[in-house]
Each structure stands twice: as structure tokens, then as C-alpha cells.
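Scroll down for the structure; my scribbles are underneath it.
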Amino acid sequence: MQRMRTIEETYHYIKQQDPDTAITKHALRQMVINHVIPSVMSGKKYLINIDALDKYLEAPEAMKEPAPQIGVIRPIAER
């Protein structure tokens with residue numbers, strides 16, 4: 001089962017693991033909004049998968065998607 005936490009709970013989890021961390025609640029919120037880390041909406045709150053966040057913080061380059069190619073014709077999916 002996935003360990004899902006709110007942004008506030010995730011922030012406290014990170015602070016508990018590393019009291020000197022530079023990550024803020026605002027930074028977490030921005031990572032969620034920009035789809036850097038996986039999350040889901042539950043009502044008005046975002047829920048963050050703590051295991052996915054740990055994986056991201058260990059190797060952020062591994063979770064980055066390739067940048068979109070600009071100026072290249074891309075196929076459009078037919079319906």
C-alpha cells in the first residue's frame with residue numbers, strides 16, 4: 001500500500017528525517033503543481049506518495065521527463 005500524505009504531513013516527515021533540510025512547504029507545493037513528484041487530489045488537498053518523493057530526492061535526474069522538442073512536427077492522435 002502506498003504511503004500518501006498531505007503537503008503539511010510530508011513536510012514534517014522530511015523535517016523529521018533531516019532537520020537541516022532546505023526543502024520548504026512552498027517548494028513541495030511547487031513540485032506537486034509542476035508534476036515533478038506524483039500526487040493526487042483528495043477534495044481540496046494534494047496527497048503525495050512519500051515513497052515516490054524519497055525516490056525523487058535520492059536521484060532527481062532519474063524522474064525527469066525529456067524536454068519537449070520545439071519546432072518539430074509531432075503526430076496527433078486520431079480519435
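The values are calculated or read from the model by the stated rules, or taken from the named source; none is laboratory data. Owing to the predicted nature of the structure, the values given are computational and were not obtained by experimental measurement. Note: areas computed on protein heavy atoms with side chains; ligands, DNA, RNA excluded. Shrake-Rupley method; radii C 1.70, N 1.55, O 1.52, S 1.80 Å.
Note that the chain presents 84 Å² accessible area per residue, ligands and nucleic acids not counted, probe 1.4 Å.
For the chain, relative contact order (Cα pairs under 8 Å, six or more residues apart, normalised by length) works out to 31 percent. Extension gain, Arg29 to Lys45, is 4.7 nm, computed as 0.36 nm per intervening residue step minus the present C-alpha separation.
Only one of the values [x] 47, 29, 25; [y] 43, 21, 18; [z] 46, 32, 23 was calculated from this structure for Cα extents along the principal axes in Å; name its label. From the options [x] 47, 29, 25; [y] 43, 21, 18; [z] 46, 32, 23, the structure gives [x]. Taking Cα atoms only, the orientation of helix 7-17 departs from the longest principal axis of the chain by about 60 degrees. At full extension, Arg79 and Arg3 could sit 23.7 nm farther apart than now, given 0.36 nm per residue minus the alpha carbon distance.
Non-local lysine pairs in the chain, meaning eight or more places apart or on different chains, with alpha-carbon distances under 23 Å, amount to 9. The calculated 222 nm mean residue ellipticity attributable to helices in the chain amounts to -11500 deg cm²/dmol, summing -39500 (n - 2.57) over DSSP H runs of n ≥ 4 and dividing by all residues.
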